[in-house]
1. Determine, for each peptide in 435-441, 24-30, the mean count of other beta carbons within 10 angstrom over its residues, then list the peptides with the highest first.
2. Taking the structure as given and computing Cα extents along the principal axes in Å, which label from [x] 80, 71, 51; [y] 76, 66, 46; [z] 82, 63, 46 fits?
3. What whole-number distance in Å separates the alpha-carbon centres of the range 1-68 and the range 407-478?
4. Which order do you get for Val294, Val385 if you rank them by accessible area with a 1.4 Å probe, largest at the top?
5. On a 1.4 Å probe surface of the protein chains, which of Val108, Val12, Val31 comes out largest in accessible area, and what is the full order?
6. Answer rounded, prolate or oblate for the range 1-158, using the Cα gyration tensor with square roots of eigenvalues a ≥ b ≥ c: rounded when a/c is under 1.5, else prolate when a/b is larger than b/c, else oblate.
7. Keeping all protein chains in the complex and leaving out DNA, RNA and ligands, what accessible area do you get for Phe335 with a 1.4 Å probe, in Å² to the nearest 10?
8. Long-range amide H contacts for Leu424: which residues qualify at under 5 Å (H placed 1.01 Å from N, peptide plane, sequence gap of 5 or more or a different chain)?
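The values are calculated or read from the model by the stated rules, or taken from the named source; none is laboratory data. Here the structure is a predicted model, which is why all the values come from computation and not from measurement. With ideal geometry, Cβ positions are generated from the backbone for all residues, glycine too; neighbour counts draw on all protein chains shown. In case anyone asks, the SASA skips ligands and DNA or RNA and just uses the protein heavy atoms, side chains included. Shrake-Rupley method; radii C 1.70, N 1.55, O 1.52, S 1.80 Å.
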Amino acid sequence: MFRSPLAIIVIVVLTWFVVTFLLFPNLNLLVGTFFPDGNFSARAVEKLFSSERALKALANSFLLAVTLSVTVNVVGIFIVLVTKYFVVRGARVLWLGYATTLIYGGIVLAAGYNFIYGRYGFVTNAVRNVFPDIDPNWFSGFFAVVIVMTFATTTNHMLFLSSALAKIDYQTIEAARNMGASTWTILWRIVLPALRPMIFAVTVLTFLIGLGALTAPLVLGGPDFQTVAPMIVTFSKSSSSQDLAALLAIILGLATIVLLAIMNRVEKSGVYFSVAKVATPLQKQRIQSRLGSVVVHVVAYLLFLLYVTPVLLIVLFSFLDSTAIQRGVITPGDFTLANYVTVFGTPSVLRPFIVSIVYSALASVIVVGGLLFVSRIIQRYRNRVTATFEYLLHIPWILPTILIALGLIMTFDRPNPLLGGAVLTGTTVLLLVAYIIVKIPFTLRLLKAAFAGIPDSLEDAARILGAKSLFTFRKVLFPLVLPTAAAITALNFNSLLDDYDAAVFLYQPLFEPLGIAIKASTEGENNLDSMSITFVYTVLLMIIMGVAMYLVYGRSAGGRRSRSGSRGARVRPVAAAATASTPTTATTTAPTVGADRPEEDPGFDRR
């Protein structure tokens with residue numbers, strides 16, 4: 001490895017990056033929390049146990065995580081079954097409705113629900129016009145957060161559970177049916193047990209998302225239901241409580257590590273059957289009971305309405321004056337294009353959108369560009385050095401984004417020798433660094449898989465012909481992984497556009513990103529005039545994310561249909577990247593289960 005100049009340069013730069021941005025900030029956070037004056041101190045722990053507010057937030061986070069583990073599984077498994085397993089009329093339309101959360105989430109989704117059902121929302125105002133005594137805060141607190149996050153996080157089931165369901169050996173189902181088993185017996189005794197590993201994986205993922213939830217509790221939780229993440233944001237703004245914020249972030253990180261360790265242990269000890277080793281496509285099952293079929297159809301379409309209604313209202317409200325929304329009454333004269341004219345014609349209004357696009361594009365290109373070299377070195381040279389670097393580069397996967405952001409802001413607020421004495425806190429660079437960090441594990445795993453699919457003989461042939469390592473990489477290897485790299489760039493760009501979790505800690509006030517602007521529009525009655533502008537932002541985000549998802553998922557699906565020819569061979573890496581990703585949110589971790597091990601984007605924000 002050290003005979004190659006390219007490998008040496010990559011290792012040197014990688015060592016500096018890992019030490020400076022992955023190890024040092026997190027270690028500094030631990031030292032600053034427990035060794036503030038050079039000696040061990042439990043002051044932060046004492047503060048935690050003396051703060052009723054912090055303890056209540058911690059309990060609320062675990063309550064939310066446990067509740068979501070149940071509600072999301074119930075809804076997620078149901079929508080997968082009605083779209084992929086049972087014969088249900090209009091299954092493709094239902095899938096499109098359930099997939100709407102793929103194109104919007106996080107702060108955008110929470111703000112959208114707030115503007116529709118919240119204290120000043122259209123539905124609340126419309127109902128109060130008829131029933132004035134109704135509590136305007138009916139859609140807030142624990143109930144509202146659970147509802148919003150339940151529908152927002154079923155995307156993991158759609159992506160991962162659907163993939164696992166498609167791999168079930170259909171012959172086992174057919175054999176059970178020949179033995180007289182009913183539809184529900186087959187589902188309960190054969191199908192669901194075969195899906196148990198993936199259900200367990202997405203349950204852990206859902207639990208972690210609930211535990212670190214930030215935007216939904218912040219926007220919809222109200223004063224009575226605050227969780228740990230919003231509390232960390234609040235405590236981090238004061239120097240006297242910054243250590244308490246760091247301790248809460250560390251608790252979130254430890255919980256994440258413990259849960260992932262448990263998940264990996266369960267996976268290794270499990271033996272699972274009924275997974276097809278030969279290509280026997282799963283066939284959809286008819287619901288034999290007429291009453292059962294009617295109930296399934298009714299519930300499926302009610303859920304469809306719940307998923308689609310917010311999207312349609314957001315599009316509709318983007319063409320309305322905000323006063324009409326506040327009145328709860330819409331007349332033909334309220335429709336206008338003024339909101340779009342304001343967004344595109346006013347530089348100060350368009351600025352957050354442009355800032356987020358620039359941040360997302362830069363971070364996506366930089367992380368993919370840099371990891372193209374790193375992943376090739378790790379895949380090509382397998383030794384203790386590269387194995388160590390691979391483990392270190394997965395640190396962002398096991399730490400919450402909040403903890404990473406706190407570590408960065410507490411470390412680079414003074415001249416740092418690793419950066420030549422530069423101070424990054426308060427600059428535009430630190431948020432870009434955070435975005436790059438959180439996207440490293442997802443990008444590395446997919447690029448490494450792409451390089452693993454290239455025969456070594458191609459590189460050997462180039463070397464025999466006298467090509468240098470950089471020339472071989474540029475002319476032989478790079479064109480082959482370019483489709484995968486482009487897909488990863490698009491997915492990373494998508495998931496960073498509406499980020500709020502990292503931005504709330506690290507953004508530069510003169511360059512406010514979109515997530516911060518949308519959150520500001522949800523704060524109190526004084527910001528209601530910006531409600532319509534937020535709807536326009538949301539529509540634009542949905543268009544951009546929808547186009548990106550089509551370029552990744554839609555084109556790859558087309559490639560799979562054309563099983564022959566060079567075009568099909570070219571798009572397969574894109575399909576792999578698409579299947580292995582989650583859009584969101586968020587900010588998150590990977591369900592990895594045995595032979596059905598998918599990969600996902602932990603950064604898909606903890607939505």
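1. Ranked by mean Cβ neighbours within 10 Å, highest first: 435-441, 24-30.
2. Label [x] holds the value from this structure.
3. Taking the Cα centre of the range 407-478 as reference, the centre of the range 1-68 is 22 Å away.
4. Ranked list, largest accessible area first: Val294, Val385.
5. Val12, Val31, Val108
6. oblate
7. 100 Å²
8. Those qualifying (amide H under 5 Å, at least 5 residues apart or on another chain) are Arg414.
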